[in-house]
Amino acid sequence: MKEYKIKITDRPDFRNIEKADISQYVWGGDYRPKAYAQLAFIPKKGFVCKLTVYEEDPRAIYKNDMDPVYKDSCLEFFARYKKGGYINCEVNSNGAILSAYGEGRGQRTPLNKIAGRFPDVKVKKDKNKWSAEIFIGLDLIKAVYGSSYFKENSVIYGNFYKCGDDCKVVHYGSYSPIGTEKPDFHRPEYFAKMTLVK
């Protein structure tokens, strides 16, 4: 199992935060854009995940939260923060987010129905790359799991993804490899171990 170190910091500086390469392209063709994720924990606030992909002119049709953004060029972070199900955060370059909670693909509840809002998203587009910063506040985690206490050496489980179901070239990339015959990101048994470190 892969293991990622989540930096505990009051002010995340992504120049100094470990990169998790989204380089496992076990399905799809030859289009394998360079992509990576970075994750930090801000005490008393929450988790901030920055996902970056190098590609020009990303497909970006959808504009509303809970639209099927995975059909666009999409960056994703799924995580199980406490015992139970997991939260998926899927974002396109318009900043639209699809985010829900549940045990698996078939039984998911939109996060705003549980916590009253979605995670915060900031997107930055450059000529040859785009990135998304997703902030998952402790208030959201507490609303979902009933607890939001994390400290040094706390462990969560998750995975980072890049996909585009309706892009010109369909592609599915992940950080932690997934051992299924068909593309399926909703497989928490393949999540990586992620440990909070100072």
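Bear in mind that the values in this text are calculations on the coordinates, not laboratory data. No experiment lies behind these values; they were computed from the predicted model shown.
Structure above, values below:
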read-out: 5 angstrom amide H check on MET66, placed H, neighbours 5+ away; value: ILE97, LEU98, SER99
read-out: Length added when fully stretched, LYS168-ASP13, from 0.36 nm per residue minus Cα-Cα; value: 52.4 nm
read-out: Other-chain or far-sequence residues with amide H under 5 Å of HIS171's (modelled H); value: GLY164
read-out: Backbone HN-Hα couplings from phi across the stretch 24-33 [Karplus 6.51/-1.76/1.60, Hz, Gly and Pro as x]; value: 8, 9, 8, 10, x, x, 8, 6, 9, x
read-out: Rel. contact order, % - alpha carbon contacts under 8 angstrom, at least six apart, the chain; value: 28 percent
read-out: Listed residue pairs exceeding 21 Å between alpha carbons, taken from LYS7/LYS193; LYS83/LYS182; LYS5/LYS83; LYS82/LYS129; value: LYS83/LYS182; LYS82/LYS129
read-out: Amide H partners (placed H, <5 Å) of SER148, local residues excluded; value: none
read-out: Eligible aspartates and glutamates near LYS50 by straight Cα distance, threshold 16 Å, same-chain separation 8 or greater; value: ASP10, ASP13, GLU18, ASP21, GLU76, GLU90, ASP120, ASP126, GLU133
